[in-house]
């Protein structure tokens, strides 16, 4: 059995306890923390730190962001071989943020770590499966773009400590970094470094990285989708293609908008991978492993179909088809019907919200440029003013407005990366959820068709009996047998899909709740930080204003 | 349907933009205001111990056009050429607000009742803020007049304050507006000419240069502050929209959005209005300098004419009279102009101080309030697992 959960790496815990709230990110705080006292019995797999900035490396950035992942849902996939037999355990991290937003602003920490912990349990082992209940909600680290706030303290509850004693933990961190432009002109492309750090035995190494390009990610999606969507899994959709964005990059336009585009894409690719590996069945897929590990991947072809509009069209076609179906399903479907309706409503809602957040981002950017212009104008006014105290105050005001512009800029960045992208991701994820429901309907439809074919065969047999044509009877009987077994096969399939979809929905909903909460917390923290800076600005200005005489 | 109930009343004294001395002999304020469909009716309330008035305390209702009439009568009065005429209040403009409300009304179908109510409340608050502002501007104008030693005695002013019927002042018709336009063109051309004449008096020469540059800078800052504040308001509207949507982003924007909108409004009141006001004041000061410059040029021309007349010994008396008139006019203006310009400086510094201090204090108050709100939201979210 495979479980995955969320956990703060103990290095962070350690560093926050020893480094006095300094960011675990900013390198150099105890990379190899001693294991927790309770865990002394555990194996060295409790090697949960975040990698140092890598050998081939990045301007001091930490490259690991964890996959924020999944709440604990026992998946009952009996066919997956029980490779591992350890018990699972987990840590709940209650991260308490120091509301001391006065850290140095210059740090540009793009990543905070969180790790995905993949824990494997054996369904038969002492029925511990049930214990892993919904607890993952508390974790709240991950990316804090452009922010200074760091989680500081972690506490554990009694249950967690108990759990920890019981088993090993495995984890998997993924980061996508170092976008590099390869080639020139229209054939150029961006190559991204995909780094993995893991304690999972199924991988060859503990730490490794490969370079991948965007079409590789799309290719991965295609492969996963082909295999797993039929089972009713919710497959995370990949980021969208963007002709405009990429063209600018290819053409070599070195401006802030193409840099922004690359960053947006890099972050989206990272989130995509994190969601994939957080899904228990997907992680087991050899294609995923290959994607992460193998040095050279064969070029993915046919990714046109998966470009943004293409994918959307596919999803919409599927939902149209469903709407046209006049299927009367049995009553257990009330759950499915109402869930689907919920999903559709939520998708609409999120679309609206996303549009509003988008508008907000644009207005803030506009505000930034207007503020800069205003600041300069005030400075000029100050220089003309005869009264010297007023003149000084006016130039101070110009500086304050300048600082405000920076704050607005940061805020816009937060708005975008924390909120807008979250909403966009979920609009697409909800589309994937709908696909999943549609998949189930397709299976049901196949069952229906088989049942009606069986019925026809039986009728044919009856006719033959009546018409007394013994030579064709055998054929008819064979047909009936064939279709009977098909029907029972399809019935089993339908059962299985139904079960999977339900589970997937539950997992998805938990994940969504956690994800949203986390992002809101992050966003509020960024707002908090902005407000602190604002207060400082105006507090410095006030005496100057009062000094006017 | 006009979502605004169109009858907003306002009945308390508001903070006045500029520091003015009020004394018991004449106190003017706008005690009430009513916003109707297309116009605003101001209740002008006067308290006075002056013998000119029939009663000691009385009120009349006036509309914007009547304020303009009063202002224009000052400008056109030669006696007041040597004073800075307080700038007229801007026309009440609720168009933007009305438009937003209308859009909201149109979009009513696409949102829940709750969302609609919330947004409507926000827009109504905005409307109210604009309304308060226009009332303040009209009041400031009257107070400036009442505080001015000479203008307060003006007959038209007393009629304005006391006459409880409609002044039957209509707005200018097209022909008159066209005339005005040409007059302005001529005046600006003349202004350039006059400004080109170097003044013997250092004080005025300096003021001329200073005011020209100052006026241009204030104009620039005013325009840019308007734009900045518009973006800020748009962002606040977006936040409002997000907050009003019943959404999976709870607590996110619920109250902080109101604060953000309010910050934008306060910046508006303090900074932008200040700049706008001084844009108009500096223009009025420039107008004064223009009138003086014009008088100076007239005086110098009269001198030249007199010399010529004396030389030709023709129409000397006439030339002498003209010259004397010009001289008197010029000297009268110069005398008062100097004091007016010094007062202007003092007023300006005081107004900037007051508004900048208030701006900083408001920003701090809101930022701190916002901080508390955010901290408590975060507390709830994090504590709730």
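The values are calculated or read from the model by the stated rules, or taken from the named source; none is laboratory data. This structure is a prediction, so every number in the text was calculated from the model and none was measured. FYI the Cβ positions are ideal-geometry reconstructions off the backbone, even for glycines, and counts take in every protein chain you see.
Listed here are the residues, each with its yes/no results for (1) modelled with pLDDT of 85 or more; (2) away from every other protein chain (no Cβ under 14 Å).
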position: B:243; (1), (2): no, no
position: B:248; (1), (2): no, no
position: B:264; (1), (2): no, no
position: B:267; (1), (2): no, no
position: B:274; (1), (2): yes, no
position: B:295; (1), (2): yes, yes
position: B:300; (1), (2): yes, yes
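Residue-wise test of (1) at pLDDT 90 or above; (2) within 14 Å of chain B (Cβ to nearest Cβ); (3) within 14 Å of residue A:437 (Cα to Cα); (4) assigned to a helix (DSSP H, G or I).
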{"position": "A:305", "(1), (2), (3), (4)": "no, no, no, yes"}
{"position": "A:321", "(1), (2), (3), (4)": "no, no, yes, yes"}
{"position": "A:329", "(1), (2), (3), (4)": "no, no, yes, no"}
{"position": "A:336", "(1), (2), (3), (4)": "no, no, yes, yes"}
{"position": "A:353", "(1), (2), (3), (4)": "no, yes, no, yes"}
{"position": "A:357", "(1), (2), (3), (4)": "no, yes, no, yes"}
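If you check B:188, B:168, which single one turns out to be out of contact with any helix residue (DSSP H, G or I) (no Cβ under 8 Å at 6 or more places or on another chain) and exposed (fewer than 10 other Cβ atoms within 10 Å of the Cβ)? Write out each step before concluding.
Details: B:188 fails: exposed (fewer than 10 other Cβ atoms within 10 Å of the Cβ).
B:168 is the lone residue from the list that is out of contact with any helix residue (DSSP H, G or I) (no Cβ under 8 Å at 6 or more places or on another chain) and exposed (fewer than 10 other Cβ atoms within 10 Å of the Cβ).
Summed over segment A:233-244, residues that are under 15 Å from residue A:267 (Cα atoms) and in a helix (DSSP H, G or I) total 0.
Residue by residue, here is whether (1) without any contact (Cβ under 8 Å) to a residue 60 or more places away in the chain; (2) touching a helix residue (DSSP H, G or I) at 6+ places or on another chain (Cβ under 9 Å); (3) at the interface with chain B (Cβ under 8 Å from one of its Cβ atoms); (4) more than 23 Å from residue A:280 (Cα to Cα) holds:
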| position | (1), (2), (3), (4) |
| --- | --- |
| A:488 | yes, no, no, yes |
| A:493 | yes, yes, no, no |
| A:504 | no, yes, no, no |
| A:521 | no, yes, yes, yes |
| A:541 | no, yes, yes, yes |
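State whether the residues of segment A:422-432 include one that is over 23 Å from residue A:358 (Cβ atoms), touching a helix residue (DSSP H, G or I) at 6+ places or on another chain (Cβ under 9 Å) and away from chain B (no Cβ under 14 Å). No, segment A:422-432 contains no residue that is over 23 Å from residue A:358 (Cβ atoms), touching a helix residue (DSSP H, G or I) at 6+ places or on another chain (Cβ under 9 Å) and away from chain B (no Cβ under 14 Å). Of the residues making up segment B:335-352, one or more are over 18 Å from residue B:281 (Cα atoms) and either more than 10 Å from every other protein chain (Cβ to nearest Cβ) or under 23 Å from the mean Cα position of the chain (by Cα) (or both). Among the criteria (1) without any contact (Cβ under 8 Å) to a residue 40 or more places away in the chain; (2) touching a strand residue (DSSP E or B) at 6+ places or on another chain (Cβ under 6 Å), the one residue A:526 does not fulfil is (1).
If you check residue A:406 against the conditions, is it more than 10 Å from chain B (Cβ to nearest Cβ), part of a helix (DSSP H, G or I) and either closer than 29 Å to residue B:348 by Cβ or touching a helix residue (DSSP H, G or I) at 6+ places or on another chain (Cβ under 8 Å) (or both)? Answer is no for this residue.
Out of A:482, A:511, which single residue is closer than 30 Å to residue A:444 by Cβ, in contact with a helix residue (DSSP H, G or I) (Cβ under 9 Å, 6 or more places away or on another chain) and within 14 Å of chain B (Cβ to nearest Cβ)?
On the way: A:482 fails: within 14 Å of chain B (Cβ to nearest Cβ).
Matching residue, one of A:482, A:511: A:511.
For the list (1) modelled with pLDDT of 85 or more; (2) part of a loop (DSSP other than H, G, I, E, B), I need the number of the one condition that residue B:5 fails. With respect to (1) modelled with pLDDT of 85 or more; (2) part of a loop (DSSP other than H, G, I, E, B), residue B:5 is out only on (1).
Summed over segment B:35-48, the residues that are within 20 Å of the chain's Cα centre (by Cα) and either surrounded by 17 or more Cβ atoms within 10 Å (Cβ to Cβ) or within 22 Å of residue B:152 (Cα to Cα) (or both) give a count of 6. Here B:220, B:238, B:199 are screened, and the one residue that is in a helix (DSSP H, G or I) and either more than 9 Å from chain A (Cβ to nearest Cβ) or buried (at least 21 other Cβ atoms within 10 Å of the Cβ) (or both) is B:238. Across segment A:360-392, the number of residues qualifying as within 30 Å of the chain's Cα centre (by Cα) and facing chain B (nearest Cβ under 8 Å) comes to 4. Inside segment A:204-231, residues that are modelled with pLDDT of 80 or more and more than 27 Å from residue A:295 (Cα to Cα) make up a count of 1. Just one of (1) in a loop (DSSP other than H, G, I, E, B); (2) at pLDDT 90 or above fails for residue B:12. It is (2).
Taking residue A:449, is it buried (at least 21 other Cβ atoms within 10 Å of the Cβ), at pLDDT 85 or above and either under 30 Å from residue A:335 (Cα atoms) or touching a helix residue (DSSP H, G or I) at 6+ places or on another chain (Cβ under 7 Å) (or both)?
Working: buried (at least 21 other Cβ atoms within 10 Å of the Cβ): no; at pLDDT 85 or above: yes; either under 30 Å from residue A:335 (Cα atoms) or touching a helix residue (DSSP H, G or I) at 6+ places or on another chain (Cβ under 7 Å) (or both): yes.
Taking the combined requirement at face value, the residue does not satisfy it.
Taking residue A:545 as the residue in question, decide whether it is over 34 Å from the mean Cα position of the chain (by Cα), buried (at least 22 other Cβ atoms within 10 Å of the Cβ) and within 10 Å of chain B (Cβ to nearest Cβ). So residue A:545 fits the description; yes.
For segment A:193-213, check the following and say yes or no: at least one residue is out of contact with any strand residue (DSSP E or B) (no Cβ under 6 Å at 6 or more places or on another chain), surrounded by 20 or more Cβ atoms within 10 Å (Cβ to Cβ) and under 21 Å from residue A:284 (Cβ atoms). No, segment A:193-213 contains no residue that is out of contact with any strand residue (DSSP E or B) (no Cβ under 6 Å at 6 or more places or on another chain), surrounded by 20 or more Cβ atoms within 10 Å (Cβ to Cβ) and under 21 Å from residue A:284 (Cβ atoms).
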